[in-house]
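I have placed the structure first, in the form of structure tokens, so that the comments after it can refer back to it.
Please treat every number below as a calculation from the coordinates, not as lab data. Owing to the predicted nature of the structure, the values given are computational and were not obtained by experimental measurement. We place every Cβ from the backbone using ideal geometry, glycine too, and count neighbours over all the protein chains shown.
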Amino acid sequence: MIDINAPAERVWAIMSDVERWPEWTASMARVERLDLGALGVGSRVRVKQPKLAQALFEITAWEPGRGFDWITRSAVVTAVARHVIAPSGPGVRVTLSVDYSGPLSGVIGWLYGGLTNRYMAMEAEGLKRRAEAPPI
């Protein structure tokens, strides 16, 4: 969770432009959209993060200006990542979270929980820096 002193519209514009995430967070090496058209429910995105295997995410919830969820699945674990924007004081509060489920979710959470938390903190801080920076 992080407070960002910027309008929700600006935060959403940055957050929803997923292919540009590697520009503002080192937790993303590459993000590639796999579908044409507007990003939304059903859109698929290939994500490569340092120290992790490439993953295919599908957007399962999309609320412009408020956030989105995307999901990635393997034979042993499913991960749902949530990105939420809520009004807070003069700006917004962004909450990023990941929930694991599946047969090995406990083991995966134990093995990768620290890395996941570091990456979410990097993403939150990077989003804050980008959103609070003067527009170019």
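Per-structure values
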item	result
Where Trp21 falls short, out of the listed (1) in contact (Cβ under 8 Å) with a residue 40 or more places away in the chain; (2) surrounded by 18 or more Cβ atoms within 10 Å (Cβ to Cβ); (3) under 19 Å from Tyr112 (Cα atoms)	(3)
Residue match in segment 99-116 (condition: touching a Leu at 6+ places or on another chain (Cβ under 9 Å), part of a strand (DSSP E or B) and surrounded by fewer than 16 Cβ atoms within 10 Å (Cβ to Cβ))	no
Check on Ala75, of a type in the set (Gly, Ala, Ser) and within 29 Å of Ile4 (Cα to Cα)	no
Residue in segment 72-89 that is surrounded by the fewest Cβ atoms within 10 Å (Cβ to Cβ), counting only those that are of a type in the set (Val, Ile, Thr) and assigned to a strand (DSSP E or B)	Thr78
Only one of Val76, Val107, Val98 that is touching a strand residue (DSSP E or B) at 6+ places or on another chain (Cβ under 9 Å), of a type in the set (A, V, I, L, M, F, W, C) and over 17 Å from Ala26 (Cβ atoms)	Val98
